Amino acid sequence: MEPQRTDSRYRLYTDDDVAILRGAKALVTDGLRIAEVARMPREELRRAAMSTPPSEAGEGAGASPGFLDSALEAVAALDGQTLERILFRATGMGTLPAREMCERVLLPILREIGKRWEEKRLSIAAEHFGSAIVRARLLALLASEARHRPNAHKVVCACPDGEMHEGGLLAFAVHAAGSGLEVIYLGANTPLDEVLATAEATGARTVALSLTRPLRKPQVGKLVARLSAWKAGGGERRVLLGGTAVEREQERFRQAGLLALAQATGAILTWGDSP
């Protein structure tokens, strides 16, 4: 099995590839030797996967305290190879569904990297190093989930001007794509005018923004006015806001009809099935 790769050389697995891995893992768990499983036809591995629910295939995977400590040791040592191996094991050899990989593995390690950097237990270089690896994993997951769906609800995802931390936004984008939405991902430090122009040009009815930097009152007022004007410009438009800065001003955003999310992954389920 030779998976495709992104431009940054990260592997992209198809649904069939994941099924093969899931079947192989189930057979090894049942007691077969890896060498035996490696010689099996792909069809036999698919049958093994069909008899094993994804949740069982990934059982035991995820961000346990031991996982986080081992991963952060690799980050502190700038040891990318070891970190990749730890991530591969934590995601059940790639068999966890994309959204579970976000919630159980990638977001916990990203939060812990940020926490240890704030506590000065991790250097700036190590924080950048570890965050870049996790971000690349999230981008690869988004690429594997994203598909062009002609009648799908489009959502433009971005961090506005000056916002460089996009981990939460990427996780939201993966959840949105996995829920059947068509994601237009712009990423970090995107001027708000460009975000809204992109929504107009693509016909997207939803804009999702991640805000982590503290906002001054004039900034909040300007943001609310700009987003409210865009929302009022067409039927059934939505603005979703997430991040630590949003939590401090959520009542003001809600009063303006802008949805402030407590966590960026849950709210899409209330409308994600609608075109």
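The values are calculated or read from the model by the stated rules, or taken from the named source; none is laboratory data. Given the structure is predicted, the values throughout are model-derived calculations rather than measurements. Cβ atoms come from the backbone with ideal geometry, glycine included; neighbour counts cover every protein chain shown.
Out of segment 75-100, which residues are hydrophobic (A, V, I, L, M, F, W, C) and touching a residue at least 60 places away in the same chain (Cβ under 8 Å)?
Here is the first cut: in segment 75-100, the ones hydrophobic (A, V, I, L, M, F, W, C) are 75-78, 83, 86-88, 90, 93, 96, 98.
Met93, Ala98, listed by residue number.
Got at least one residue in segment 160-183 being in a strand (DSSP E or B), modelled with pLDDT of 90 or more, more than 30 Å from Ala76 (Cα to Cα) and in the same structural domain as Gly235 (by TED's automatic domain parsing)?
yes
Suppose the filter is surrounded by fewer than 22 Cβ atoms within 10 Å (Cβ to Cβ), over 15 Å from the mean Cα position of the chain (by Cα) and of a type in the set (A, V, I, L, M); does Ala152 pass it?
Considered against the rule, which asks whether it is surrounded by fewer than 22 Cβ atoms within 10 Å (Cβ to Cβ), over 15 Å from the mean Cα position of the chain (by Cα) and of a type in the set (A, V, I, L, M), Ala152 comes out as yes.
Within segment 229-244, restricting attention to residues that are outside any helix (DSSP H, G or I) and out of contact with any strand residue (DSSP E or B) (no Cβ under 6 Å at 6 or more places or on another chain), which residue is surrounded by the most Cβ atoms within 10 Å (Cβ to Cβ)?
Ranking the qualifying residues of segment 229-244, first place goes to Arg237.
Within segment 132-151, which residues are within 24 Å of Ala76 (Cα to Cα), without any contact (Cβ under 8 Å) to a residue 40 or more places away in the chain and out of contact with any Leu (no Cβ under 6 Å at 6 or more places or on another chain)?
Passing the criteria: Ala132, Arg135.
For Gly234, are the conditions met, namely being at pLDDT below 90 and not assigned by TED's automatic domain parsing to the domain that holds Glu103?
Yes: the conditions hold for Gly234.
Hey, does segment 213-221 have a residue that's under 24 Å from Leu141 (Cα atoms), in the same structural domain as Glu249 (by TED's automatic domain parsing), within 22 Å of the chain's Cα centre (by Cα) and surrounded by fewer than 23 Cβ atoms within 10 Å (Cβ to Cβ)?
Within segment 213-221, not a single residue is under 24 Å from Leu141 (Cα atoms), in the same structural domain as Glu249 (by TED's automatic domain parsing), within 22 Å of the chain's Cα centre (by Cα) and surrounded by fewer than 23 Cβ atoms within 10 Å (Cβ to Cβ).
Might you let me know whether segment 137-149 holds any residue that is part of a loop (DSSP other than H, G, I, E, B) and more than 17 Å from Ala98 (Cβ to Cβ)?
yes
Going through segment 99-122 one residue at a time, which ones are surrounded by 23 or more Cβ atoms within 10 Å (Cβ to Cβ) and out of contact with any helix residue (DSSP H, G or I) (no Cβ under 7 Å at 6 or more places or on another chain)?
Of everything in segment 99-122, nothing turns out to be surrounded by 23 or more Cβ atoms within 10 Å (Cβ to Cβ) and out of contact with any helix residue (DSSP H, G or I) (no Cβ under 7 Å at 6 or more places or on another chain).
Tell me whether segment 89-98 contains one or more residues that are surrounded by fewer than 18 Cβ atoms within 10 Å (Cβ to Cβ), assigned to a helix (DSSP H, G or I) and out of contact with any helix residue (DSSP H, G or I) (no Cβ under 7 Å at 6 or more places or on another chain).
yes
Go through segment 174-184 and give me each residue that's out of contact with any Asp or Glu (no Cβ under 6 Å at 6 or more places or on another chain) and either over 20 Å from Lys231 (Cβ atoms) or in contact (Cβ under 8 Å) with a residue 60 or more places away in the chain (or both).
His175, Ala176, Ser179, Gly180, Leu181
Just checking, how many residues over segment 111-130 are farther than 16 Å from Glu73 by Cβ and part of a helix (DSSP H, G or I)?
Going through segment 111-130 one residue at a time, the tally reaches 5.
Answer with yes or no whether Ala77 is of a type outside the set (Lys, Arg), more than 26 Å from Leu211 (Cα to Cα) and modelled with pLDDT of 90 or more.
Spelling it out, Ala77 is indeed of a type outside the set (Lys, Arg), more than 26 Å from Leu211 (Cα to Cα) and modelled with pLDDT of 90 or more.
Which one is farthest from Arg205 (Cα to Cα), of the residues in segment 229-247 that are basic (Lys, Arg) and in contact with a helix residue (DSSP H, G or I) (Cβ under 9 Å, 6 or more places away or on another chain)? Break it down into steps so the answer makes sense when it comes.
Taking segment 229-247 and keeping what is basic (Lys, Arg), we get 231, 237-238.
The next check asks that each one be in contact with a helix residue (DSSP H, G or I) (Cβ under 9 Å, 6 or more places away or on another chain); those that pass are 237-238.
On the way: Arg237: 5, Arg238: 6 Å.
Looking at residues that are basic (Lys, Arg) and in contact with a helix residue (DSSP H, G or I) (Cβ under 9 Å, 6 or more places away or on another chain), I get Arg238.
Here are the criteria: (1) small (Gly, Ala, Ser); (2) crowded, with 23+ Cβ neighbours inside 10 Å; (3) part of a helix (DSSP H, G or I). Tell me which single one Ala225 does not satisfy.
(2)
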